[in-house]
Amino acid sequence: MKKTKRLLALSLSLVLALSACGKQGGEGGGNDTTEELNHFYDWQVTAGDMTTFVLLNSEAQANSKTLSNCYSPLLEIDNHGVLQPAVATEWGSDDNGQTWTFKLRNDVVWVNDKQEEMAKCTAQDWVTAAEWILNAWKNDGCNTQMLMATIEGAAEYYNYTNDLTEEEAKALSATSPEFTDLIGIETPDEYTLVYHCIKQVPYFPTLCTSACLYPLPQGSIDELGVDGVYAQTPETMWYNGPYVINNFVRNNSRDLVRNEKYWDKDCKLFDVVTIKMLEDQQKDDDLFQTGEVDNCTLSESSLRYIYDKQTEYADNLVQVRNPVANTQMNFNYAKNKEDGTPDDNWNNAIANEAFRLALYYGMDLHEYWSASNYIDPDSCHVETMTTEGIAQFSDGTDYVDRLLEVLGYSENGRYDADKGLQYKEQAMRELEGKVTFPVEMDYYIASGNQVALDTANILKTIIGKLGDDFINFQIKTFVSSARNEVYTPRLHSIATAGWIADYGDPENFLTNMVPECGGYFASQMTKFEYADSEVVDTYQTFCDMVVDAISITDDNDKRFEAEVQAEAYWFQHALGIPLRRATTYSLTKINTYTRPFAAYGIQIDVYKNCETSVEPYTTEQYEQFKAAYDAGEI
């Protein structure tokens, strides 16, 4: 798909020398600076502060941003998203992906917060982790889906523990017969780990980048007990990753200090990484300019000011590589009013396919994209749920490119004002006598979040252009928990959310929307107590297509094509609407082309092998980095 881009390089005057960063160029087009950062200052929003120090007990980046630096996985990703040896030095399958064997290093150790050696890291620590994840009383059901969908006996063990009392379940361990007799994991010796899958799972190694296949030291459970590990702190947890947590102050800051006993002696680490907690998403702009953080994601107002006024940092605006996530609008097909009774007007409207297609084709999202990327809004253009880089056909075609081919949009994408109007008129005819227009569309945001409010008002304007006789967009707020205050009572009409894949297969996106696959978004969006039978049948057809597609395990091309057809069906019937691809502009002292990067997993937040500069990088340097990266030189 052709995208018109207003390239910053053509807009800014870049005749100044790169004096701020030492010598230009360098091997591979990198920054050959004489001085790099030993102490890196990063940031995180206070509203997303950590809720647990057990990596297995979370599926939120608020936790993995720190904890992914504290644990070593079986495999890790490099800056091109290619799997590399980590604790496992060899891995493979002799039966087309149904049994996977990992050979582990014998020099990985667990340390405490004082970096005192506590125990050797062995294969048993991955078995202990699996028992913890699959024990319904130990980890609140986090990271269970992927193991239950792949490992022999995983679902049976989870269901077994779910029926026990809390005391009975917590008394179980990775050596209990109840676990070993059911689960398809074995350790032939201390440093060999074997997973037996319920089917052929060709993408299984990519699961190693997700928390579901990270280790948990049995020794720490023996020392602290189950409840002690569940409630562990930086002072009581054990580490086998590149960093150890020091100076943790909730809602303030934390330090990640280099683990001197980390197994990878050849990698490049910071001496210290400080993560500062900020009260809002715009504070980082100010702190970067005062030198208190080393990168910032520019808000719309800051970006506009720097770009339009050609201020001090005009030559330092860069479009860094972000976690790959597409924001989608999901519909609630069983909405309630605030009194708990069904909102029949909304439920009848959203069950009508023409109503959904009017939104799908009739929304011009350029203003919405500009809110996050003022300079290059078209780079936010997205037409898919699945992100690039998740899967490739045997001929090298990316899954997303094939999906776009099937969808068959013009170079401008799906937006078509005339088609949107036609579907609006069709919907109003078909819903006459069933629905009172304009239909109330309730959209909830966090109270006091100005960025969310600004974005919501943009959506309101965009949807309003379909006509004030069609939809009345209502912005409502919750105080502290969207889940408890909005999604559980089902007060929302729509919700917007993105998903960073956990592993390398399109099913990770598709099954999120399928109730029978335990899909996360499906649990929030797709109950049909009050829905019209037409949308129920359409949704079930999509679910059946997904289930059939992911059952194909012996032919990746056939599997990916079936997944493409399922996702295309989702959008052809407007069961959800793609909104925005995550692209932003930043000021930064880190070359994101050198750090771990992939379209899935949690390792994108690992501070390892990062090239940095004591001064902000320039736009021209980042263009050199990208060219060198694309050429395979860095």
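Model label points for K460 and R304, set 7 angstrom from Cα along the Cα-to-Cβ axis, are 1.7 nm apart.
If R0 equals 41 Å, the separation of the Cβ atoms of N96 and N449 corresponds to a calculated FRET efficiency of about 0.25.
Over the chain, accessible surface divided per residue gives 40 Å², non-protein components excluded, 1.4 Å probe.
Residue order by solvent-accessible surface for K114, K138, K419 is K114, K419, K138, largest first, with ligands and nucleic acids left out and a 1.4 Å probe. Ligands, DNA and RNA left out, the accessible area of the chain computed with a 1.4 Å probe is 46% carbon and sulfur. When a/c reaches 1.5 or more, the comparison of a/b and b/c decides; with that in mind, is the chain rounded, prolate or oblate per its Cα gyration tensor? Cα axes put the chain in the oblate bin.
Rounded to the nearest 10 square angstrom, R258 shows an accessible area of 60 square angstrom against a 1.4 Å probe. Within straight-line reach of K103, meaning a Cα separation under 19 Å, sit the following lysines at least 8 residues removed in sequence or on another chain: K120. So for the chain, taking the charge dipole from beta-carbon charges (+1 Lys/Arg, -1 Asp/Glu), which of G92, S379, S302 sits furthest toward the positive end? Toward the positive end, the furthest listed residue is S302.
For N162 and R429, the FRET efficiency from 1/(1 + (r/R0)^6), where r spans their Cβ atoms and R0 equals 56 Å, is about 0.70. Listed by chain and number, the aspartates and glutamates placed with their C-alpha closer than 13 angstrom to that of K65 are D42, D49, D255, D605; residues fewer than eight positions away on the same chain are left out. Helical content of the chain, expressed as a calculated mean residue ellipticity at 222 nm, amounts to -8500 deg cm²/dmol (DSSP H runs of 4 or more residues, -39,500 (n - 2.57) each, divided by residue number, nearest 500). Heavy-atom accessible area with a 1.4 Å probe sorts H573, H381, largest first, into H573, H381. Partners of K626 within straight-line reach, counting lysines whose Cα lies under 22 Å from its Cα and excluding those fewer than 8 residues away in the same chain: K2, K3, K5, K23, K268, K589, K608. Classify segment 404-512 as rounded, prolate or oblate, taking a ≥ b ≥ c as the square roots of the eigenvalues of its Cα gyration tensor: rounded when a/c is under 1.5, otherwise prolate if a/b is larger than b/c and oblate if not. Cα axes put segment 404-512 in the oblate bin.
Against the criterion of solvent-accessible heavy-atom surface with a 1.4 angstrom probe, S394, S551, S176 sort, most first, into S394, S551, S176. Placing pseudo-labels 7 Å out from each Cα toward the beta carbon at R250 and H80 gives an inter-label distance of 4.4 nm. Put a dot 7 Å past the Cα of V614, heading toward its Cβ, do the same for H196, and the two dots end up 5.9 nm apart. Full extension of the chain segment joining E440 with D395 gains 11.5 nm, where the gain is 0.36 nm per residue of separation less the Cα-Cα distance.
Report the net charge of residues surrounding V614, where surrounding means a beta-carbon distance below 11 angstrom and charges are Lys +1, Arg +1, Asp -1, Glu -1. Spelling it out: positives minus negatives among the neighbours equals -3. Between the beta carbons of T290 and N38, assuming R0 = 22 Å, the FRET efficiency works out to 0.65 to the nearest 0.05. Charge tally around A599: other residues with Cβ under 13 Å, Lys/Arg +1 each, Asp/Glu -1 each, net -2.
Rolling a 1.4 Å probe over the protein heavy atoms leaves K337 with an accessible area of roughly 100 Å². In square angstrom, rounded to the nearest 10, how much accessible surface does Y409 have for a 1.4 Å probe? Accessible area, nearest 10 Å²: 50 Å².
The values are calculated or read from the model by the stated rules, or taken from the named source; none is laboratory data. What you see is a predicted model, and the numbers here were worked out from it, not measured in a lab. Don't worry about glycine lacking a Cβ; one is built from the backbone with ideal geometry, like all the others, and counts go over all protein chains shown. Note: accessible area is taken over every heavy atom of the protein model, side chains too, but ligands, DNA and RNA are not part of it. Shrake-Rupley method; radii C 1.70, N 1.55, O 1.52, S 1.80 Å.
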